[in-house]
Amino acid sequence: MTIRSYDKNKIKKRISEYEVESRPKLFISGDSAPYYGVIKKALEDSLLYLVENPEDVMIDYDLLMNSGVHVLTELLYVTDGSVSGMKVIDLGCGSTKQSTYFSDRWLPYMSEILTRFGAIVTGIDYRPNNKASYDHQTIDLIRSDRIISGDFDLIIAKSLIDGLIGKSSNQTMEDKILEHFSGLLRSDQLTITDLDVTQYGFKHVFFREFNTLWYR
């Protein structure tokens, strides 16, 4: 499958059709799922920017799950594979600088994979990342007084309550991340998040358990 240039009007039309015809239940697991192969190849090409010895890494189901294969499948499905040139901000993107036993869970998988697809990615994390092939900015989103702003087609803020950003209570973290959302909002926008963003007018794109792709 070919990754094409981003077209927000095409996405708007497709989601409008969902509103009329009802949102589809998307099959997203296994080799026969849409875009599974292209995501797997992008992850393989991203390993150079994620680990020290990419040749030693086996891309299995667990690694694909950690890299966000489900939400990436949803994104590619709703955009019809048109994400090249899409402007993306990834809040709490992760870093190759790790300090925990489960460090491979917090690598900047989505930022790197979307970069392989031609998206223009800005990733923000409290840890530096000298290996990044995207624009990595080292900012503590919880403790900084700065509110992130900009014009982005896609906002990613996923798995933050698992401790990806600093050491803060889940509620403090959630409130601060939602505060950052307020400086990033515009019309015809997608977000990948497990936070409740209905207050900003976002609606789920698909029907499935743990749905994390939204549109406004």
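We did not get these values from a lab; they are worked out from the coordinates using the rules stated. All values reported here derive from a predicted model rather than from experimental measurement. Positions of Cβ are backbone-derived with ideal geometry, glycine not excepted, and every protein chain shown enters the neighbour counts.
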Amide H to amide H, which residues 5 or more places from ASP135 or on other chains are under 5 Å from it, using H placed in the peptide plane? VAL121, GLY123
Give the long-range amide H neighbours of SER82: residues separated by 5 or more places, or on another chain, with amide H under 5 Å away, using H modelled in the peptide plane at 1.01 Å from N. ARG4
Integer Hz, Karplus 6.51/-1.76/1.60 couplings in order for the stretch 48-59, x for Gly and Pro: 4, 9, 10, 9, 6, 10, x, 5, 8, 8, 9, 7
Mean Cβ count within 10 Å, highest first, over the residues of peptides 180-192, 84-96: 84-96, 180-192
Check LYS87: other-chain or 5+ apart residues with amide H under 5 Å from its amide H, H built from backbone geometry? ILE120, ASP153, LEU154
For the stretch 70-77, in order, what is each residue's ³J(HN,Hα) by Karplus, 6.51 cos²θ - 1.76 cosθ + 1.60 with θ = phi - 60°, in whole Hz (x at glycine and Pro)? 5, 6, 5, 5, 4, 4, 5, 5
For the stretch 186-203, Karplus-derived ³J(HN,Hα) couplings (6.51, -1.76, 1.60; θ = phi - 60°; whole Hz; x for glycine and proline) come out as 7, 6, 6, 10, 9, 9, 10, 7, 9, 8, 7, 10, 5, 4, 9, x, 7, 10
